[in-house]
Amino acid sequence: MASSITNSTPRFTEALRSAAGGQWDRVVNHKFTSDLASGEIDRAILKRYLIQDHRFLDAFTSLLGALICKARCLEDRIPACQFAALITSDENTYFLRCFEKLGCADAKMREAVPSAACTTGFIDLMTEVATTGTLGEILSVLVVCEWSYLTWGARVAPTANRDHFECYEWVDLHSGDGFTGVVNYLRGLLDKEGDLIDEKDRAKCKTRFLQAVQLEEDFFDNAYAK
């Protein structure tokens, strides 16, 4: 009788997530995500979070640009171009509308708020990886940013309160078929890269992945800092 042969080697992205252990679970189940979805999050907490998060936009688009530059073929570049267009349009517009709603539309007022250590750390990580990182390192940081958000977004979306756009639209931006497609694309590229690179470069990817997971947890925690 013929026996079936299965490949027991986990996807590279799954191995990276496993390496993050319980910290990944803490990120994707963080109190902030549930409070946001309920619509009852303290607006001072949301304001603090959004002001800091908006500061990633420049470094994040540079990181996407590095992916576009270093991707192995045109087919791999096009979805990143499309995602960059979304980040600099729909998502940026969401921030501006929220700032108006939360009473911080004045850019100078927002600029007067100091950057948190985790914000600076994340910007530095994105900038360093975009400038000097390998394709695998670039993808490792991007995958953490987007996969962790899809994981919590998909969890809270079915029961998210639809009364306050500043809450539910952030959930909508990080859930649904479109965003799932983005995450599948990024994970697919990183899985492919993991098969092509040597152990030294895979270790670099793991280091960047774990750095990003740590910063994601720190960033959520910072929203509740007094």
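The values are calculated or read from the model by the stated rules, or taken from the named source; none is laboratory data. Predicted, not measured: the structure shown is a model, and the values here were computed from it. Neighbour counts run over all protein chains shown; Cβ positions are idealised from the backbone, glycine included. Surface areas here come from the heavy atoms of the whole protein model, side chains and all, with no ligands, DNA or RNA. Shrake-Rupley method; radii C 1.70, N 1.55, O 1.52, S 1.80 Å.
Here are the numbers for this structure:
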read-out	value
Point-to-point label distance, residue 97-residue 132, nm (Cα→Cβ direction, 7 Å offset)	4.1 nm
The chain - mean residue ellipticity at 222 nm from DSSP helices (-39,500 (n - 2.57) per run, n ≥ 4, rounded to 500)	-24000 deg cm²/dmol
Set of aspartates and glutamates near residue 200 by C-alpha distance (under 12 Å), chain-local residues within fewer than 8 positions excluded	137
Binned Cα-Cα distances of the range 121-176, short to long, each 10 Å bin given as a whole percent	23, 36, 26, 14, 1
Within the accessible area of the chain (1.4 Å probe), percent carbon and sulfur	53 percent
Greater than 28 Å apart at Cα, pairs in 101/226; 70/204; 108/226; 204/226; 31/70	204/226; 31/70
Difference of contour (0.36 nm per residue) and Cα-Cα distance, residue 180 to residue 226	13.1 nm
Relative contact order, percent, the chain [alpha-carbon distance under 8 Å, six or more residues apart]	36 percent
Selection from 94, 81, 182, by position along the positive dipole direction of the range 80-186 (Cβ)	94
Added length on full extension, which subtracts the Cα-Cα distance from 0.36 nm per residue, residue 115 to residue 203	28.7 nm
Around residue 90: net Lys/Arg minus Asp/Glu count, Cβ-Cβ under 12 Å	-2
R0 of 35 Å, Cβ-Cβ distance residue 108-residue 26: FRET efficiency to nearest 0.05	0.50
Area of residue 131 that stays accessible when all protein chains are in place (1.4 Å probe, Å², to 10)	100 Å²
Qualifying lysines (Cα of each under 18 Å from Cα of residue 206; at least 8 residues distant if same chain)	192
Potential lengthening between residue 195 and residue 159 on full extension [0.36 nm per residue; Cα-Cα distance subtracted]	9.1 nm
Where labels lie 7 Å past Cα in the beta-carbon direction, separation of residue 58 and residue 9 in nm	4.2 nm
